[in-house]
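Participant: Take a look at the following structure, please.
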């Protein structure tokens with residue numbers, strides 16, 4: 001299944017000061033996907049975030065909103081991907097920053 005997204009991670013930052021800001025764009029998208037599927041995101045300690053499993057376009061998709069700040073979100077994504085044996089090519093990370101080429105600072 002190398003061409004199917006199996007995990008969508010919506011990044012954001014915890015705390016009231018980030019609520020409704022662009023820093024939570026990824027988390028907002030994942031919340032909306034879960035709501036459209038009538039599936040609540042529930043706290044899941046082993047995945048370090050809020051988790052749900054939904055069906056999108058006939059395929060099961062894991063949703064995660066890490067409970068950590070964005071710079072530590074890999075902890076949640078790795079825990080979920082390792083548990084369900086999801087390859088990196090099957091993970092979509094939604095965030096608010098521009099993608100930079102490896103080893104490029106600006």
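Where a number appears in this text, it was derived from the coordinates with a stated rule and is not lab data. Predicted model only: the values in this text are computed from it and were never measured. All Cβ positions, even for glycine, are placed from backbone atoms using ideal geometry, and neighbour counts span all protein chains on display.
Participant: Output the Cα-based Rg and Dmax of region 7-88 in Å, rounding Rg to one decimal and Dmax to a whole number.
Facilitator: In Å, with Rg to one decimal and Dmax whole: 12.0, 37.
Participant: Under a crude label model (7 Å from the Cα following the beta-carbon direction), how far is residue 38 from residue 83 in nanometres?
Facilitator: If labels sit at residue 38 and residue 83, their model points lie 2.5 nm apart.
Participant: Ok, one more. In deg cm²/dmol, rounded to 500, what helix-only [θ] at 222 nm does the chain give when every DSSP H run of at least 4 residues adds -39500 (n - 2.57) and the total is split over its residues?
Facilitator: One gets -6500 deg cm²/dmol as the mean residue ellipticity at 222 nm.
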